[in-house]
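The values are calculated or read from the model by the stated rules, or taken from the named source; none is laboratory data. Keep in mind the model is a prediction, meaning the values are calculated, not measured. Backbone-built Cβ (ideal geometry, glycine too); neighbour counts: all protein chains shown. When the accessible area is computed, the model is the full protein with side chains, heavy atoms only, and any ligands, DNA or RNA have been set aside. Shrake-Rupley method; radii C 1.70, N 1.55, O 1.52, S 1.80 Å.
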Amino acid sequence: MLSELIGNLTYNIDVEIAFLLIAVIIFILMLGTLPRRTDSYAYDFFGMLFSIFSSASMILTVWFASNVDVYGLVIVKILMLVHIYTFSIVLFNMAMYMCALSYRNKGGIKKYRRICLVFVLLMDVYCTAAVIMGYMMNHYGQNPFADISEFIIKMVHCGMICSAACLLLALSLTKDMPKVVRIIIFTVYPLNVIFLLIQKYNTRSLFIAMTYVVPLTFFYILFHSNPYDEILGLQNTYSLESRFEDNIILKKPFYIGYLIIPSFNKTDAYGAVLQDGKAFDTIASYCRMAESKYSNMHIYKQSIGTFTFIYEGNASEDNNRKLHELADIAEEKLREVDELAKIIMVVLPCFEEIRTISMAREMVNLIIKNNVNPLENYRYVATKEDNRKFQERYRIEQELADIRLERNMDDERVVCYAQPIYEVESGSFRTAEALMRLKLDGEMVSPGLFIPVAEENDCIHSLTLIMLDKVCKELKILEKDYEFTCISVNCSAKEFSMPNLADEVLEIIRKYDVDPSKIRLELTESAVVDDNNNLRKNMYNMREKGISFYLDDFGTGYSAMSRVIDLPFKTIKFDKSLLYQSIDDDRMDTIISNMIETLKRSGINTLVEGVESPDQNEYSISHGFDFIQGFHYAKPVPISELRNYFERKK
């Protein structure tokens, strides 16, 4: 036993020594790693620091009390006082840690700090007086040892009061604490009280240190320690998120950057990675060099070829230069392993609007998507203009996600416009194309901005259904008093591949009891490039109910004429790019003329888009287009204004 190795002691201090060693080990880990430095971490850190002094002073008190005939009573009293003061600091930090755990308790933390300080001061004053007056220790005659049982009991009482106070505080804040925090608190502190009661009636074996080292250790391991990669010495994604959030909360300026080596990501992380593992060694040496050169840099491993780093510092030209130096070194080291391998480094200064790691990652991915050439190295430090564009896109994404979630057919953010289409034969407007607009915070968003975002984020189908609902609602009004053939609604290629599209479309049409023949659905040429059973099934199911189809943007894709004719299209819409080319190119003019003739023989109507000038209009009429769409005849207007273009029924 440890007590026997130390000497002939009156009290068993094996447990006390064991937890002193544990406290020292945990404190070394706190110093040597990069823990999450949240608001509560300081209390855990200083609590563990003074735990070392507290348990050491208790061990020394027992030692000198067991040899009082040699060292005298004064030194025992001094050590008692040292233990009282350090133990009171430990209890203060444990109580304050509890106060800091609740995210809604930030405003009341000063009040709790005052209460804790009053408790600590009262404890110190009372115990100090008791030590000086000799109430904490008994020594009889020539006994070689002093009885410090009363001292131990008083420390137990202080610990029990603190544990009980922590439990009461936790009960008052339980609604604002995560489940895991509640489980730890309501497990550890009741056990503390039980062990302290046992200690009170068994003063010969000391284990008070266990009652404060254990909670502090749990708090550190569960809420502040960050796991490391054992080979590279890098922390993981969870650690990255923790530091990012901590810096945001503490308002510390920093950069967040992504270093990507695409070719490494294609290898097996557990096998022979490029030339017998040289690539892995290169990554390890680079990361160690970067962190040793820049103490304010923290690197996190995402995958074998993707790393994220946080560089703490203000956005400045000097820091930008240092980050470019890191990219230079990365390129140089990479060439030692693979001359063809390329790196991508994108760095974001800490823009105020970037509040989460997912936002930062999304912005980096957007920059990479729009700018990176896979055959070249790429490094870039984002600007305020990049952030402005991203924030605009991000706002659109959030609004679109909300629209998809709500699925409100009367959503005022989705605005229905329509562009009247001129019918050449009748010389009047008989049809129109419904055009989607997005209105956010009173401003119209360009379709060129929100349509691609909606398609990428699977929101386009919700928008299409809302548009169809608004069109059918207006159709119900127009059918009563106006002469017109139809209104067309755009559908994405992905939607036509959905097995239940026909059912959803027909349900909305039945809801308003409108004539299905008044509805046309437009799909782009890219949708018919590949043979798709769902697309064909949807088209034929809806055609049986009277819905017809337009092929939009004809001439921009790669579909064969046979595929176009094979599907039940009522009208083919020639893209404006074909019109502009054919006016200036005789060969293209001949091709367009032959295509129009072929389609007419197949019973398919032809429509040309983008007609803006008299010359374009004359060309379109002379070449036999059935319908003409463009600013030359009409600009898009709110759908309710179509009545200004359609003729009234007689």
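Scanning the range 137-168 for residues that are β-branched (Val, Ile, Thr) and outside any helix (DSSP H, G or I) yields a single hit, Ile148. Within the range 562-578, the set of residues being free of Cβ contacts under 8 Å to residues at least 12 places away in the same chain and open to solvent by 80 Å² or more (accessible area, probe 1.4 Å) comprises Ser562 only. Of everything listed in (1) in contact with a strand residue (DSSP E or B) (Cβ under 7 Å, 6 or more places away or on another chain); (2) of a type outside the set (Asp, Glu); (3) open to solvent by less than 30 Å² (accessible area, probe 1.4 Å), the single unmet condition for Gly630 is (1). Are any of the residues in the range 293-307 within 20 Å of Pro35 (Cβ to Cβ), of a type in the set (Ser, Thr, Tyr) and out of contact with any Phe, Trp or Tyr (no Cβ under 9 Å at 6 or more places or on another chain)? Yes, because at least one residue in the range 293-307 is within 20 Å of Pro35 (Cβ to Cβ), of a type in the set (Ser, Thr, Tyr) and out of contact with any Phe, Trp or Tyr (no Cβ under 9 Å at 6 or more places or on another chain).
It is to be established whether one or more residues within the range 34-46 are of a type in the set (Phe, Trp, Tyr), under 17 Å from Ile17 (Cα atoms) and at pLDDT 85 or above. No, the range 34-46 has no match at all. When Cys491 is tested against (1) under 25 Å from Gln629 (Cα atoms); (2) free of Cβ contacts under 8 Å to residues at least 60 places away in the same chain; (3) out of contact with any Asp or Glu (no Cβ under 7 Å at 6 or more places or on another chain), exactly one condition is not met: (3).
Applying the set (1) open to solvent by less than 10 Å² (accessible area, probe 1.4 Å); (2) free of Cβ contacts under 8 Å to residues at least 24 places away in the same chain; (3) small (Gly, Ala, Ser) to Ala327 leaves exactly one unmet item: (2). Annotation: of all residues in the range 568-581 being over 43 Å from the mean Cα position of the chain (by Cα) and within 23 Å of Arg536 (Cβ to Cβ), the one that is modelled with the lowest pLDDT is Pro568. Being touching a residue at least 24 places away in the same chain (Cβ under 8 Å), farther than 30 Å from Asn457 by Cβ and in contact with a helix residue (DSSP H, G or I) (Cβ under 6 Å, 6 or more places away or on another chain), is that true of even one residue in the range 530-546? So far as the range 530-546 goes, yes, one or more of its residues are touching a residue at least 24 places away in the same chain (Cβ under 8 Å), farther than 30 Å from Asn457 by Cβ and in contact with a helix residue (DSSP H, G or I) (Cβ under 6 Å, 6 or more places away or on another chain).
If only one of Asp69, Asp44 is acidic (Asp, Glu) and more than 30 Å from His139 (Cβ to Cβ), which one is it? Just a single option satisfies the conditions, and that option is Asp44.
Here Ile357 passes the criteria (1) open to solvent by 10 Å² or more (accessible area, probe 1.4 Å); (2) farther than 21 Å from Asp246 by Cα except the one numbered (2). Which of the residues belonging to the range 353-396 are under 25 Å from Leu438 (Cβ atoms), part of a loop (DSSP other than H, G, I, E, B) and either polar (S, T, N, Q) or free of Cβ contacts under 8 Å to residues at least 24 places away in the same chain (or both)? Within the range 353-396, Thr356 is the sole residue that qualifies. Here Leu340 passes the criteria (1) open to solvent by less than 80 Å² (accessible area, probe 1.4 Å); (2) in contact with a Ser or Thr (Cβ under 8 Å, 6 or more places away or on another chain) except the one numbered (1). Going through (1) touching a residue at least 12 places away in the same chain (Cβ under 8 Å); (2) open to solvent by 60 Å² or more (accessible area, probe 1.4 Å); (3) not charged (D, E, K, R); (4) not in a helix (DSSP H, G or I) one by one, Tyr300 falls short only on (2). What are the residues in the range 461-493 that are in contact with a Ser or Thr (Cβ under 6 Å, 6 or more places away or on another chain) and surrounded by fewer than 23 Cβ atoms within 10 Å (Cβ to Cβ), if any? If the condition is that a residue be in contact with a Ser or Thr (Cβ under 6 Å, 6 or more places away or on another chain) and surrounded by fewer than 23 Cβ atoms within 10 Å (Cβ to Cβ), then Thr485, Cys486, Ala493 are the ones that fit. Taking the range 397-415 as the range and being without any contact (Cβ under 8 Å) to a residue 40 or more places away in the chain and in contact with a strand residue (DSSP E or B) (Cβ under 8 Å, 6 or more places away or on another chain) as the test, the residues that pass are Glu412, Arg413.
Counting only residues that are assigned to a helix (DSSP H, G or I) and surrounded by fewer than 18 Cβ atoms within 10 Å (Cβ to Cβ), how many does the range 303-321 have? Matching residues across the range 303-321 total 4. Condition test on Leu405, is it within 23 Å of Leu240 (Cα to Cα), at pLDDT 90 or above and not in a loop (DSSP other than H, G, I, E, B)? No, not satisfied.
Restricting the range 396-440 to residues that are over 25 Å from Thr485 (Cβ atoms) and of a type in the set (A, V, I, L, M, F, W, C) leaves a set whose member that is most open to solvent (accessible area, probe 1.4 Å) is Leu405. Taking the condition aliphatic (A, V, I, L, M) and either under 14 Å from His224 (Cβ atoms) or surrounded by fewer than 21 Cβ atoms within 10 Å (Cβ to Cβ) (or both), does Val76 pass? Taking the combined requirement at face value, the residue does not satisfy it. Pairing each residue of the range 444-459 that is of a type in the set (Val, Ile, Thr) with any residue that is outside any helix (DSSP H, G or I), provided the two are 6+ apart or on different chains, yields C-beta distances under 8 Å for Val445/Arg437; Val445/Leu438; Val445/Lys439; Ile451/Met436; Val453/Cys459. Given the structure, is Ile421 in contact with a Lys or Arg (Cβ under 8 Å, 6 or more places away or on another chain), within 30 Å of Ile621 (Cα to Cα), at pLDDT 90 or above and not polar (S, T, N, Q)? Here the answer is yes, as Ile421 does meet what is asked. For the range 579-609, the candidate set comprises residues that are of a type outside the set (Asp, Glu) and farther than 24 Å from Leu567 by Cβ; within that set, the residue that is most open to solvent (accessible area, probe 1.4 Å) is Arg587. Regarding the range 167-185, can at least one residue be identified that is out of contact with any Leu (no Cβ under 8 Å at 6 or more places or on another chain), surrounded by 20 or more Cβ atoms within 10 Å (Cβ to Cβ), of a type outside the set (Lys, Arg) and modelled with pLDDT of 80 or more? No, the range 167-185 has no match at all. Can you tell me which residue within the range 494-526, out of those that are of a type in the set (Gly, Ala, Ser) and open to solvent by 10 Å² or more (accessible area, probe 1.4 Å), is nearest to Glu433 (Cα to Cα)? So the residue we want is Ser517.
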